[in-house]
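Only one structure is covered here, and it is reproduced in the block below.
The values are calculated or read from the model by the stated rules, or taken from the named source; none is laboratory data. Small disclaimer: the values here were computed from a predicted structure and weren't measured. Please note: Cβ atoms are built from the backbone with ideal geometry, for glycine as well, and neighbour counts cover all protein chains shown. Quick note on the areas: whole protein, heavy atoms, side chains included, nothing else; ligands and nucleic acids left out. Shrake-Rupley method; radii C 1.70, N 1.55, O 1.52, S 1.80 Å.
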Amino acid sequence: VFTMKQQMIKKLMAKDMESLVSMQDITEEDVVKFYEENKRVYFKPESCRVSSIVLNSRERADRVVADLEKSFAAEPRKRRQLFTTAVEQYTTDAMGRAKRGDLGFFTKDGKDPDTLKMLETPPAKEVREAAFKLEKINSLSPVVSIGEKHHVLLLTNRRPEVSKTLDEVKRQIRNKLFRDEKDNA
(Lines give C-alpha, C1' and ligand atoms only; values in the text may rest on other atoms or scores of the structure.)
Protein backbone atom coordinates (compact mmCIF):
# COMPACT_ATOMS: atom_id res chain seq x y z
CA VAL A 1 0.00 0.00 0.00
CA PHE A 2 1.51 3.28 -1.15
CA THR A 3 1.12 6.41 0.87
CA MET A 4 0.17 9.60 -0.93
CA LYS A 5 3.79 10.80 -0.75
CA GLN A 6 5.13 7.55 -2.28
CA GLN A 7 2.61 7.76 -5.13
CA MET A 8 3.69 11.31 -5.92
CA ILE A 9 7.36 10.30 -5.91
CA LYS A 10 6.60 7.40 -8.22
CA LYS A 11 4.75 9.68 -10.68
CA LEU A 12 7.58 12.21 -10.67
CA MET A 13 10.15 9.46 -11.28
CA ALA A 14 8.08 8.06 -14.16
CA LYS A 15 7.89 11.54 -15.73
CA ASP A 16 11.63 11.97 -15.26
CA MET A 17 12.25 8.58 -16.86
CA GLU A 18 10.14 9.48 -19.89
CA SER A 19 12.34 12.50 -20.52
CA LEU A 20 15.50 10.36 -20.25
CA VAL A 21 14.52 7.35 -22.38
CA SER A 22 11.84 6.74 -24.98
CA MET A 23 11.00 3.89 -27.32
CA GLN A 24 12.21 6.01 -30.24
CA ASP A 25 15.73 5.82 -28.78
CA ILE A 26 15.84 2.15 -29.79
CA THR A 27 16.90 2.12 -33.44
CA GLU A 28 16.35 -0.54 -36.07
CA GLU A 29 20.14 -1.06 -36.08
CA ASP A 30 20.07 -1.75 -32.32
CA VAL A 31 17.40 -4.40 -32.82
CA VAL A 32 19.23 -6.08 -35.72
CA LYS A 33 22.52 -6.04 -33.82
CA PHE A 34 20.92 -7.64 -30.75
CA TYR A 35 19.26 -10.30 -32.92
CA GLU A 36 22.54 -11.16 -34.68
CA GLU A 37 24.48 -11.30 -31.41
CA ASN A 38 21.87 -13.56 -29.78
CA LYS A 39 20.88 -15.86 -32.63
CA ARG A 40 21.38 -18.97 -30.48
CA VAL A 41 18.34 -17.84 -28.47
CA TYR A 42 16.19 -17.75 -31.61
CA PHE A 43 17.58 -20.83 -33.36
CA LYS A 44 17.76 -24.12 -31.49
CA PRO A 45 17.73 -27.54 -33.10
CA GLU A 46 15.37 -30.27 -31.97
CA SER A 47 16.70 -32.03 -28.90
CA CYS A 48 15.74 -34.87 -26.63
CA ARG A 49 16.62 -36.24 -23.24
CA VAL A 50 16.80 -39.91 -22.39
CA SER A 51 17.71 -42.14 -19.53
CA SER A 52 19.71 -45.27 -20.24
CA ILE A 53 20.34 -48.68 -18.75
CA VAL A 54 23.63 -50.14 -19.95
CA LEU A 55 24.10 -53.90 -19.83
CA ASN A 56 26.92 -56.25 -20.86
CA SER A 57 24.64 -59.03 -22.14
CA ARG A 58 22.10 -58.86 -24.98
CA GLU A 59 19.99 -61.59 -23.36
CA ARG A 60 19.90 -59.67 -20.09
CA ALA A 61 18.98 -56.47 -21.94
CA ASP A 62 16.12 -58.26 -23.71
CA ARG A 63 14.86 -59.57 -20.33
CA VAL A 64 15.05 -56.08 -18.80
CA VAL A 65 13.02 -54.64 -21.71
CA ALA A 66 10.41 -57.40 -21.34
CA ASP A 67 10.20 -56.87 -17.57
CA LEU A 68 9.90 -53.11 -17.96
CA GLU A 69 7.16 -53.44 -20.59
CA LYS A 70 5.24 -55.72 -18.22
CA SER A 71 5.73 -53.29 -15.32
CA PHE A 72 4.74 -50.33 -17.52
CA ALA A 73 1.54 -52.09 -18.55
CA ALA A 74 0.67 -52.78 -14.90
CA GLU A 75 1.53 -49.27 -13.67
CA PRO A 76 1.57 -46.84 -16.63
CA ARG A 77 1.78 -43.73 -14.44
CA LYS A 78 4.99 -44.92 -12.80
CA ARG A 79 7.08 -45.48 -15.93
CA ARG A 80 9.88 -43.12 -14.97
CA GLN A 81 10.04 -44.38 -11.40
CA LEU A 82 10.10 -48.01 -12.60
CA PHE A 83 12.83 -47.21 -15.10
CA THR A 84 14.95 -45.43 -12.47
CA THR A 85 14.63 -48.45 -10.20
CA ALA A 86 15.76 -50.66 -13.10
CA VAL A 87 18.76 -48.37 -13.68
CA GLU A 88 19.78 -48.78 -10.04
CA GLN A 89 19.36 -52.56 -10.24
CA TYR A 90 20.82 -53.43 -13.64
CA THR A 91 23.05 -50.81 -15.22
CA THR A 92 26.73 -51.69 -15.41
CA ASP A 93 27.71 -48.07 -16.12
CA ALA A 94 28.94 -46.42 -12.90
CA MET A 95 28.47 -42.88 -14.26
CA GLY A 96 24.99 -43.80 -15.48
CA ARG A 97 24.08 -45.20 -12.08
CA ALA A 98 25.29 -42.00 -10.39
CA LYS A 99 23.10 -39.92 -12.71
CA ARG A 100 20.21 -42.39 -12.43
CA GLY A 101 20.60 -43.13 -16.13
CA ASP A 102 20.06 -39.54 -17.26
CA LEU A 103 22.01 -38.64 -20.41
CA GLY A 104 20.75 -35.05 -20.44
CA PHE A 105 19.57 -33.07 -23.46
CA PHE A 106 21.34 -33.52 -26.79
CA THR A 107 20.79 -32.82 -30.47
CA LYS A 108 20.88 -35.35 -33.29
CA ASP A 109 24.56 -34.57 -33.84
CA GLY A 110 25.53 -34.81 -30.15
CA LYS A 111 25.62 -31.13 -29.28
CA ASP A 112 24.31 -29.26 -26.27
CA PRO A 113 21.08 -27.65 -27.57
CA ASP A 114 21.59 -24.50 -25.51
CA THR A 115 25.19 -23.70 -26.47
CA LEU A 116 25.34 -25.62 -29.77
CA LYS A 117 28.77 -26.86 -28.72
CA MET A 118 29.70 -30.52 -28.89
CA LEU A 119 28.99 -32.27 -25.59
CA GLU A 120 32.05 -33.39 -23.65
CA THR A 121 30.86 -36.99 -23.86
CA PRO A 122 28.01 -37.15 -26.36
CA PRO A 123 25.88 -40.28 -26.48
CA ALA A 124 26.95 -42.74 -29.18
CA LYS A 125 25.47 -42.17 -32.63
CA GLU A 126 23.34 -45.33 -32.34
CA VAL A 127 21.92 -44.14 -29.00
CA ARG A 128 21.11 -40.69 -30.46
CA GLU A 129 19.40 -42.25 -33.49
CA ALA A 130 17.33 -44.58 -31.28
CA ALA A 131 16.42 -41.70 -28.94
CA PHE A 132 15.10 -39.52 -31.77
CA LYS A 133 12.99 -42.41 -33.08
CA LEU A 134 11.06 -42.48 -29.80
CA GLU A 135 7.97 -40.34 -30.20
CA LYS A 136 6.18 -40.30 -26.86
CA ILE A 137 7.59 -39.18 -23.53
CA ASN A 138 8.26 -42.18 -21.27
CA SER A 139 8.40 -44.58 -24.22
CA LEU A 140 10.92 -47.41 -24.15
CA SER A 141 13.36 -48.22 -26.92
CA PRO A 142 14.24 -51.65 -28.19
CA VAL A 143 17.74 -52.77 -27.16
CA VAL A 144 20.47 -50.67 -28.83
CA SER A 145 23.65 -52.74 -29.16
CA ILE A 146 27.02 -51.08 -29.57
CA GLY A 147 29.80 -53.63 -29.45
CA GLU A 148 29.63 -55.40 -26.08
CA LYS A 149 27.34 -52.77 -24.54
CA HIS A 150 23.56 -52.95 -24.81
CA HIS A 151 21.42 -49.90 -24.04
CA VAL A 152 17.77 -49.64 -23.07
CA LEU A 153 16.45 -46.07 -23.40
CA LEU A 154 13.52 -44.18 -21.95
CA LEU A 155 12.58 -40.86 -23.58
CA THR A 156 12.13 -38.39 -20.72
CA ASN A 157 11.78 -35.10 -22.62
CA ARG A 158 11.79 -33.62 -26.11
CA ARG A 159 12.18 -30.03 -27.26
CA PRO A 160 11.04 -29.01 -30.74
CA GLU A 161 13.21 -26.99 -33.04
CA VAL A 162 13.05 -23.24 -32.46
CA SER A 163 13.54 -21.02 -35.46
CA LYS A 164 12.39 -17.41 -35.19
CA THR A 165 13.01 -14.76 -37.81
CA LEU A 166 13.89 -11.17 -37.01
CA ASP A 167 10.38 -10.07 -37.99
CA GLU A 168 8.87 -12.53 -35.50
CA VAL A 169 10.91 -11.22 -32.57
CA LYS A 170 11.52 -7.58 -33.50
CA ARG A 171 8.90 -6.19 -31.12
CA GLN A 172 10.07 -8.41 -28.28
CA ILE A 173 13.70 -7.31 -28.79
CA ARG A 174 12.72 -3.63 -29.01
CA ASN A 175 10.82 -3.93 -25.70
CA LYS A 176 13.74 -5.70 -24.03
CA LEU A 177 16.23 -3.08 -25.20
CA PHE A 178 13.87 -0.32 -24.03
CA ARG A 179 13.56 -1.90 -20.56
CA ASP A 180 17.36 -2.25 -20.40
CA GLU A 181 17.80 1.42 -21.32
CA LYS A 182 15.27 2.45 -18.69
CA ASP A 183 17.06 0.37 -16.06
CA ASN A 184 20.39 1.89 -17.02
CA ALA A 185 18.96 5.40 -16.86
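Observations, loosely collected:
- For the chain, built as a Gaussian network whose Cα springs stay under 10 Å, the top-fluctuating residue of L166, L68, L12: L12
- Taking every Cα-Cα distance in region 38-80 and sorting them into 10 Å bins from zero, the calculated P(r) comes out as 22, 32, 21, 15, 10 percent.
- Counted charge near T107, where neighbours are those whose Cβ lies closer than 13 Å (Asp, Glu -1; Lys, Arg +1): +4
- Max mean-square fluctuation residue, GNM over the chain, Cα-Cα springs under 10 Å, options S145, S163, S22: S22
- Per residue accessible area of the chain, 1.4 Å probe, in Å²: 68
- Computed from the Cβ-Cβ distance with R0 of 35 Å, the FRET efficiency linking E135 to K176 stands at 0.50.
- Accessible surface, 1.4 Å probe, highest first, among residues L140, L154: L140, L154
- Whole-percent pair-distance distribution, where bins are 10 Å wide, for the alpha carbons of the chain: 9, 26, 20, 13, 13, 12, 6, 1
- Separation of the K117 and I146 label points, Cα + 7 Å toward Cβ, nm: 2.2
- Rounded to whole numbers, the Karplus 3J(HN,Hα) couplings from phi for region 145-159 are 9, 9, x, 8, 9, 10, 10, 10, 10, 10, 6, 10, 6, 8, 10 Hz, using 6.51 cos²θ - 1.76 cosθ + 1.60 with θ = phi - 60°, and x at Gly and Pro.
- Contact order for the chain, expressed relative to its length and based on alpha carbon pairs under 8 Å spaced 6+ residues apart, stands at 34 percent.
- With every protein chain in place, the chain: carbon and sulfur % of accessible area (1.4 Å): 51
- Exceedance of the 32 Å cut-off in Cα-Cα distance is limited, within the set K11/K164; K39/K125; K125/K164; K111/K170, to K11/K164.
- Cross-link partners of K44 among aspartates and glutamates (Cα-Cα below 20 Å; sequence separation of 8 or more within a chain): E36, D109, D112, D114, E120, E129, E135, E161, D167, E168
- ³J(HN,Hα), Karplus 6.51/-1.76/1.60, whole Hz, each residue of region 129-134, x for Gly, Pro: 4, 5, 4, 6, 7, 6
- Largest GNM mean-square fluctuation among G104, G96, G147, using the chain with Cα springs under 10 Å: G147.
- Debye intensity ratio I(q)/I(0), log10, region 51-133, q values 0.17, 0.23, 0.26 Å⁻¹ (C-alpha model): -0.77, -1.17, -1.28
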